[in-house]
Amino acid sequence: MKYENFSTFDVKVEGAIATVTFDFGTVNVQGQEMLADLNSLAMRLEMDRDVKVVVFESANPEVWVCHYDTELLQHLSTEAVSRDGAQLLDLQAICERISKVPQATIAKLEGFARGGGHELALALDMRFAVRGKFKFMQMEVGMGILPCGGGASRMARQTGLGRALEIILSARDFDADEAEAMGTINKAFEADEIDAYVDTLAKRIASFPADSINACKQMVYESIDKPIDEALKAEAYWLYQATSKTPAVKRFTVAEEQGLQHDMENQRNWENMVMDVQEIS
């Protein structure tokens with residue numbers, strides 16, 4: 001798969017890992033150009049089974065992705081619509097499409113991510129940020145609107161209702177440590193620690209079967225909105241999606257034939273065993 005001709009970011013693929021580096025103007029404004037690029041990227045990722053992990057970073061040391069383009073916001077309709085007449089907004093649609101790609105997606109946040117930029121980060125699977133550099137904000141309430149790129153919906157799922165409302169209604173900056181405590185990022189790092197952690201994580205995930213990664217990801221997202229009985233049925237569905245396309249059964253057979261689960265040393269070293277079993281295909 002070729003990842004070329006983007007105007008707002010560059011894509012570099014090494015092995016099964018793609019790195020998307022935003023580099024658009026002075027602050028990586030999230031406008032029509034970026035949304036078109038992200039839509040094109042998602043389309044390619046949906047068809048690509050060689051890339052298993054996508055890391056999103058910025059060439060700008062101060063900004064990951066800026067807010068949604070105010071040039072577009074000034075043309076918002078001032079007429080209310082009915083619930084039946086409401087349609088998905090472009091930012092909502094693109095973030096939702098990115099969230100559903102079969103690859104594991106990681107945001108490496110080393111600068112500001114406010115408004116729509118933060119909503120894009122929330123649409124990715126995992127987020128890691130640098131202390132002293134990363135700040136996020138949902139400023140929309142102060143402008144007379146609300147987070148409308150999935151921010152309000154995804155925020156509540158990440159943090160719980162009270163914290164989501166504090167973030168959205170305060171319209172203030174939150175730093176990396178607050179973000180970790182709130183639950184909007186996975187972990188905060190010092191500047192000299194984040195690269196090694198994200199690289200190691202990306203390589204580890206990329207060593208696993210692509211269809212297993214996708215099944216795990218889709219199941220976790222699907223379970224959020226379902227009652228437990230429906231979620232468990234979905235779990236069973238995705239299990240068989242995985243076993244139909246991966247060497248899982250062969251690996252379990254080898255493990256049983258060799259008596260691996262009964263070996264105490266293996267029990268002590270499952271973290272390494274998970275990696276060793278990737279050689280069985």
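The values are calculated or read from the model by the stated rules, or taken from the named source; none is laboratory data. Here the structure is a predicted model, which is why all the values come from computation and not from measurement. Every residue, glycine among them, receives a Cβ derived from its backbone with ideal geometry; neighbour counts consider all protein chains shown. Surface accessibility is based on the protein's heavy atoms, side chains included, excluding ligands, DNA and RNA. Shrake-Rupley method; radii C 1.70, N 1.55, O 1.52, S 1.80 Å.
Would you list the helices (runs of 4 or more DSSP H) that sit entirely within the range 175-281 and hold 3 or more residues that are open to solvent by 90 Å² or more (accessible area, probe 1.4 Å) and polar (S, T, N, Q)?
Where helices (runs of 4 or more DSSP H) fall fully within the range 175-281, none carries at least 3 residues being open to solvent by 90 Å² or more (accessible area, probe 1.4 Å) and polar (S, T, N, Q).
Take the conditions within 15 Å of the chain's Cα centre (by Cα) and farther than 21 Å from VAL220 by Cα and apply them to GLY116. Does it pass? Step through it out loud before you land on a result.
Numbers: within 15 Å of the chain's Cα centre (by Cα): yes; farther than 21 Å from VAL220 by Cα: yes.
Yes: the conditions hold for GLY116.
Out of the range 5-28, which residues are open to solvent by 40 Å² or more (accessible area, probe 1.4 Å) and either farther than 27 Å from PHE208 by Cβ or touching a Ser or Thr at 6+ places or on another chain (Cβ under 7 Å) (or both)?
Answer for the range 5-28, where residues must be open to solvent by 40 Å² or more (accessible area, probe 1.4 Å) and either farther than 27 Å from PHE208 by Cβ or touching a Ser or Thr at 6+ places or on another chain (Cβ under 7 Å) (or both): ASN5, SER7, ASP10, LYS12, ASP23, PHE24, GLY25, THR26, VAL27.
Yes/no per residue for (1) within 19 Å of ARG97 (Cβ to Cβ); (2) out of contact with any His (no Cβ under 6 Å at 6 or more places or on another chain); (3) small (Gly, Ala, Ser); (4) open to solvent by less than 90 Å² (accessible area, probe 1.4 Å):
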{"position": "ALA42", "(1), (2), (3), (4)": "yes, yes, yes, yes"}
{"position": "ASP48", "(1), (2), (3), (4)": "yes, yes, no, yes"}
{"position": "VAL54", "(1), (2), (3), (4)": "yes, yes, no, yes"}
{"position": "VAL63", "(1), (2), (3), (4)": "no, yes, no, yes"}
{"position": "CYS66", "(1), (2), (3), (4)": "no, yes, no, yes"}
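Hey, could you check the range 86-104 for residues that are open to solvent by less than 10 Å² (accessible area, probe 1.4 Å) and in a loop (DSSP other than H, G, I, E, B) and say which is farthest from LEU120 (Cα to Cα)?
Of everything passing the filter in the range 86-104, GLN103 is farthest from LEU120 (Cα to Cα).
Does GLU46 satisfy being within 17 Å of the chain's Cα centre (by Cα) and either in a helix (DSSP H, G or I) or in contact (Cβ under 8 Å) with a residue 60 or more places away in the chain (or both)? Give the derivation first.
On the way: within 17 Å of the chain's Cα centre (by Cα): yes; either in a helix (DSSP H, G or I) or in contact (Cβ under 8 Å) with a residue 60 or more places away in the chain (or both): yes.
Taking the combined requirement at face value, the residue satisfies it.
Please name all residue pairs, on different chains or six or more residues apart, with Cβ atoms under 7 Å, provided the first residue is in the range 233-260 and is farther than 13 Å from CYS216 by Cα and the second residue is surrounded by 13 or more Cβ atoms within 10 Å (Cβ to Cβ) and among the polar types (S, T, N, Q).
That search, which allows pairs on different chains as well, returns VAL249/THR243; LEU260/ASN266.
Quickly run through the range 105-158 and pick out the residues that are open to solvent by less than 10 Å² (accessible area, probe 1.4 Å), in contact with a helix residue (DSSP H, G or I) (Cβ under 9 Å, 6 or more places away or on another chain), closer than 16 Å to THR70 by Cα and in a helix (DSSP H, G or I).
Within the range 105-158, GLY116, HIS118, GLU119 qualify.
Looking only at the range 68-85, which residues are within 23 Å of ALA36 (Cβ to Cβ) and in a loop (DSSP other than H, G, I, E, B)?
Filtering the range 68-85 down to residues within 23 Å of ALA36 (Cβ to Cβ) leaves 68-77.
ASP69, GLN74, HIS75, LEU76, SER77, listed by residue number.
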